[in-house]
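Accompanying notes for the structure given below.
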Amino acid sequence: MPTWEIEDKMGAAVCGVDEAGRGPWVGPVVAGAVMFLNRDINPEILAQIDDSKKLTAKKREKLYDLLLEEARAGRLTYGIGLASAKEIDELNILQATFLAMRRAVQQLNPQPRHALIDGNRLPQNFCCETSCYIGGDARSYSIAAASILAKVYRDNLMKELAHKYPGYGFEKNAGYGTKDHIEGLKKYGITPEHRKSYKPIKEFLK
């Protein structure tokens, strides 16, 4: 379960950063950034928050709403950054992820001195100092909160894309290469939101 340990080591003005959507074949990659401005946080959040992949969709959505309540109350600041499918194709998924992270952090007010990034790669030329943590979303409250915001925000985006492009099952598969997604590609072809640099989409375009 996450703790404040990493944040305490870094001192003041520390944010957590995580992404959602590196693997899907369609849609943007989304990054979340969260900086807690004080520790007087709803105890329900601290008791339940974890790596977003370990939580049910229902629990993620509840925590998402609770985190936004904390933001409205001034106890945290957050940002959501996106990099589009076109940017992923132009930059590659790693650099597009770092771009989304930078965009998320730049929305924080006040700006952080240091960003804790989930994973094992550090972005270059970032907007503040950075350090990375493998499995950070299970270790740090800030990264776990960022993970939940990014995941729920992206899932909601994919539900919107499902209305715009029905027949691919985006509301269920979030853009991953499931059977219904593949059937949709065979029937309707690719959408403007597909990542043309991804091997399965390249193969399909052939």
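Computed from the coordinates by the stated procedures, all read-outs in this text should not be read as laboratory data. Just so you know, these numbers come straight off a predicted model, no measurement behind them. Please note: Cβ atoms are built from the backbone with ideal geometry, for glycine as well, and neighbour counts cover all protein chains shown.
See the values below:
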quantity	calculated
Hz values of 3J(HN,Hα) by residue in region 169-186 - Karplus curve (6.51, -1.76, 1.60), Gly and Pro given as x	x, 4, 5, 9, 9, 6, x, 6, x, 7, 4, 5, 5, 5, 4, x, 4, 5
Ratio Rg/Rh, restricted to region 5-157 and using Cα atoms, in which Rh is the Kirkwood radius	0.94
Lysines with Cα under 28 Å of Lys187, excluding same-chain neighbours fewer than 8 positions away	Lys86, Lys159, Lys164, Lys172, Lys179, Lys196, Lys199, Lys202, Lys206
Choice from Ala96, Ala150, Ala57 with maximal GNM fluctuation in the chain (Cα, 10 Å cutoff)	Ala57
Nearest 10 degrees, 0 to 90: helix 141-164 Cα axis against the chain principal axis	30
Nearest 10 degrees, 0 to 90: helix 57-72 Cα axis against the chain principal axis	50
Cα-Cα P(r), region 75-194, percent of pairs per 5 Å interval	2, 10, 17, 20, 18, 13, 10, 7, 2, 0
Protection proxy ranking, peptides 75-82, 24-31, average beta carbon neighbours within 10 Å, highest first	24-31, 75-82
Sequence-distant aspartates and glutamates (8 or more away, or on other chains) whose Cα lies within less than 14 Å of Lys54	Asp137
Helix axis angle, 93-106 relative to the chain longest principal axis, alpha carbon, degrees	40
Relative contact order of region 33-102, pairs being alpha-carbon contacts under 8 Å that are 6 or more residues apart, as %	40
